[in-house]
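Below is one structure, written out as structure tokens; comments come after it.
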Amino acid sequence: MCLSGEKIKMLFSQLEKITDGKTLQLALDRKITTLVIDSRKPIISEGSVFFALRGERHDGHNYISDLYTLGIRQFVVEKEVDLKLFSDANFVTVKSALTALQVIAAAHRKNFIIPVIGITGSNGKTIIKEWLYQLLSPDRSIVKNPGSYNSQVGVPLSVWAMQPHHQLGIFEAGISQPNEMEKLEHIIQPTIGIFTNIGTAHDEGFENQIQKIEEKLKLFKGVKTLAYCADHRELHELISQHKLPALPWGNSSDAKIKIQVSGSGYQVSYNQLSFSLQLPFGDKASIENCFHCVATMLQLGYPPAVIQERIHQLKSVPMRLELKQGINYCQVIDDTYNNDLAGLKISLDFLNSLQKKKKTLILSDVLQSGLEERELIQSIHALISQSELSHFIGIGTLLCTHQNDFHLNAKTEFYLSTEEFLKRVQLENFESELILIKGARTFQFEKIVQRLQRKVHGTVMEIDLNKMVHNLNFFKSKLKPGVKLMAMVKAFAYGSGSEEVANLLQYHKVDYLGVAYADEGVELRKNNIALPIMVMNPAEENFQSLLANCLEPVMYNLKMLRAFSQFIEGQSAVIHMEVDTGMHRLGFDEGDLPEIISILKRKPSLSIASVFSHLAGADEAGHDGFSQEQFDRYQQFYKTLTEALNVNPLRHILNSPGILRFSDFQMDMVRLGIGLYGVNPTDGKVDELQPVATLKTIISQIKKIKKGETIGYGRKGVAAHEMTLATIAIGYADGFSRSFSKGKGVVSIKGKKASVVGNVCMDMTMVDITDINAHEGDEVIIFGKGLPIHEVAASINTIPYEILTNTSERVKRVFFAESI
């Protein structure tokens, strides 16, 4: 409900007063419908407003011209622009575009008098928000953050989505340092609060735990009720000191909602109520999250019977979009949890970020939107029409009814139900395309995923694209202004999947890609990767392929340079020059310079893109003196070469550890390799990196082995006692080395380590689970959470690089990013 009872309208002319800014140009006083902050994925409409945010390594002002060309006509900027270039656009200038975004959202929030639940804490915010949505949406039209949009930018974008038909808001708020929560409170203005818990997340931003709790409590200064677990004593004491209207729950004597274990369930007592409750989850975190939801439902007046019924129907919340290998060389984006307009926007952004020519969307009806049918269809059409789809499949009564309203440059099909689609679909018609499957839970789109997903064995490598972007941004933050970044995607992107990783890097605007061999570069070109690609190890038989695919070979000796210069016969080509300054692997020596200069003077059509070298010991402080020697040798080589040729190619010598340890050696470009994947490339501590890859498999069979019996090929495993043995679905053909045999290797099952017994087989391995309560089909972590890859590598005296790159291509890669 809104104060006016009508559709909220804000005009551009109002922004000057709301933001305390200054109108530079008002070509036409348009209404504001959409807030845009990312130039890569704008919603183009008459009501879109772009906020030119500025950060350490980006400036939104650089993209105003591009966005104007696309059709955006309203801009919030921090500096003057040449208005003659944008004659029919609106501009307002402000001190801070971020602050303007926040105060505009706060002004919008003031139009509504509905209850709003504000959630903060260290863990569980998104899960609780999504569970409350599941529990309360049967009765109310709800607006919430899409995904984990809980930041200084995400919260205003989420609150802006409030509309007159909404009856309840649920917004989470996350902070990482002092003086952030007050801004979010001003935007959300919650009436009901949930403080989930307090943990170690973002400890580095605060002096101590108390300061962090105090900062988070600022979200609740205006709430009528604050639910939290009274068993967290430090949290309870601080809330009591603030005299907030508390609704503590738990086993503590201070709890207003008493929770006691009773048999296989719980006994809940609140005011005059006392009832038993069964939870569908058994882990500690889920139990706590559930009771936050129970406390909120009790506060809202739900009877015990309804609470029990809906809690029993709770579903796990997938926190990610999964990119899976599909049939007929397709890729499938699995987003079958829910389907609302905000979530559809996130999913389409992910689809559009991937460079594939053929893109298909399979979409269900959008349920419980609160919009009238015609307005809902228009909103759906506006979102999908800005995606370059080749095929759109709509499933559901609503989409079928309005199929004539979809005017797309794509093949369209409509089906009344999932069952009808599965009955009529011709799977062979899906080939070499990217398929986004986005559906509300009631449509059971997981059945479609099962049909379109390629069938492989149970071993998978999961690649967290969010963490990869985090690592990329971490290394970018270490670079000086103007320094370019080359990302290495050689060796199947360190085992992670070259095409998918290259797509992500291209989307996030790295400057160069590096591969080992020409065929790796050719595959990237086939998959629409347009970035410059350096080929580290070209071969003469690949020269034609290099030129045909605009690949840039590295010249590392005179034989290669002579052969390539003769091959091009007047054609233009771009090359890179590698210098051996002490690594003694590949590269020119100083004595080669006279002939190099002579050849290149005779071949002006050969253009040098860069001159580079490789530090041999950048990862260890003990080699710093030698690293300095290498840098000095490189500088002298570069000076001699470039002065003789009167050219100024890019200079680079730093790899991942070098970026972290030698900022003075950055020059024009750096090369990011293993660090992108979250592996610490130095001998020091780097807490900011997040491991990207998890290799996991399943237990195929469990057996009881008597004392003295032997296990595996060569009978190398012997049961020293009665043993419970698990056979897991991974072997050396998958990349699990035979060096892990006979107890050297361990895996993680149910959070406990299980040692390898006997020799690793080609497709299977046996492990000792005598002290682990496991079952056939249970998940087994080879490396990942609880079993870091550097520990796995150290157990067989190797390095994480080898463990990652040895993972066979027959192991399915599943890529995922934030969902909901």
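The values are calculated or read from the model by the stated rules, or taken from the named source; none is laboratory data. This is a predicted model, so every value here is computed, not measured. Methodologically, a virtual Cβ is constructed for each residue, glycine included, from the backbone with ideal geometry; neighbour enumeration extends over all protein chains shown. Note: accessible area is taken over every heavy atom of the protein model, side chains too, but ligands, DNA and RNA are not part of it. Shrake-Rupley method; radii C 1.70, N 1.55, O 1.52, S 1.80 Å.
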Exercise. Which residue pairs have Cβ atoms under 8 Å apart, sit 6 or more places apart or on different chains, and have a first residue in segment 239-265 that is within 16 Å of Gly193 (Cα to Cα) and a second that is among the polar types (S, T, N, Q) and open to solvent by less than 30 Å² (accessible area, probe 1.4 Å)?
Worked result: Pro245/Thr225; Ala246/Thr225; Leu247/Thr225
Seminar exercise, completed: Across segment 266-285, the tally of residues that are without any contact (Cβ under 8 Å) to a residue 12 or more places away in the chain and open to solvent by less than 20 Å² (accessible area, probe 1.4 Å) stands at 0
Exercise. Are any residues in segment 562-602 closer than 18 Å to Asn537 by Cβ and touching a Gly at 6+ places or on another chain (Cβ under 8 Å), and if so, which ones?
Worked result: Glu578, Val579, Asp580
Seminar exercise, completed: Subset of segment 770-787, residues open to solvent by less than 10 Å² (accessible area, probe 1.4 Å) and either more than 18 Å from Thr459 (Cβ to Cβ) or touching a Lys or Arg at 6+ places or on another chain (Cβ under 8 Å) (or both), comes to Val780, Ile782, Leu787
Seminar exercise, completed: Here the residues within segment 287-304 that are without any contact (Cβ under 8 Å) to a residue 24 or more places away in the chain and not in a loop (DSSP other than H, G, I, E, B) are Ile287
Problem set entry | Residue among Leu11, Leu98 that alone is touching a residue at least 12 places away in the same chain (Cβ under 8 Å) and within 26 Å of the chain's Cα centre (by Cα) | Leu98
Exercise. What about Lys704, is it part of a strand (DSSP E or B), open to solvent by less than 40 Å² (accessible area, probe 1.4 Å), farther than 28 Å from Lys509 by Cα and charged (D, E, K, R)?
Worked result: no
For this session: Inspect all residues belonging to segment 596-616 and state whether any of them is at positive phi and either in contact (Cβ under 8 Å) with a residue 40 or more places away in the chain or open to solvent by 40 Å² or more (accessible area, probe 1.4 Å) (or both).
Result: no
Exercise. Is it true that Ser347 is surrounded by 20 or more Cβ atoms within 10 Å (Cβ to Cβ), of a type in the set (S, T, N, Q) and in contact with a Leu (Cβ under 8 Å, 6 or more places away or on another chain)?
Worked result: yes
Exercise. Considering only residues of segment 803-816 that are open to solvent by 10 Å² or more (accessible area, probe 1.4 Å), outside any loop (DSSP other than H, G, I, E, B) and in contact with a helix residue (DSSP H, G or I) (Cβ under 7 Å, 6 or more places away or on another chain), which is modelled with the lowest pLDDT?
Worked result: Phe816
Exercise. Mind checking which pairs have a first residue in segment 38-49 that is open to solvent by 50 Å² or more (accessible area, probe 1.4 Å) and a second that is outside any loop (DSSP other than H, G, I, E, B) and among the aromatic types (Phe, Trp, Tyr), Cβ under 7 Å, 6 or more apart or different chains?
Worked result: Arg40/Tyr507
Exercise. Is it the case that segment 739-758 has a residue that's touching a helix residue (DSSP H, G or I) at 6+ places or on another chain (Cβ under 6 Å) and surrounded by fewer than 21 Cβ atoms within 10 Å (Cβ to Cβ)?
Worked result: no
Seminar exercise, completed: Scanning segment 652-690 for residues that are in contact with a helix residue (DSSP H, G or I) (Cβ under 6 Å, 6 or more places away or on another chain) and farther than 23 Å from His470 by Cα, the one surrounded by the most Cβ atoms within 10 Å (Cβ to Cβ) turns out to be Ile653
Exercise. Which of the residues spanning segment 576-600 are part of a helix (DSSP H, G or I) and hydrophobic (A, V, I, L, M, F, W, C)?
Worked result: Leu593, Ile596, Ile597, Ile599, Leu600
Problem set entry | Subset of segment 544-575 [in a loop (DSSP other than H, G, I, E, B) and either without any contact (Cβ under 8 Å) to a residue 12 or more places away in the chain or over 36 Å from the mean Cα position of the chain (by Cα) (or both)] | Tyr556, Asn557, Glu569, Gly570, Gln571, Ser572
Exercise. On the given criteria, is Ile192 of a type outside the set (Ser, Thr, Tyr), open to solvent by less than 60 Å² (accessible area, probe 1.4 Å) and more than 25 Å from Leu157 (Cα to Cα)?
Worked result: no
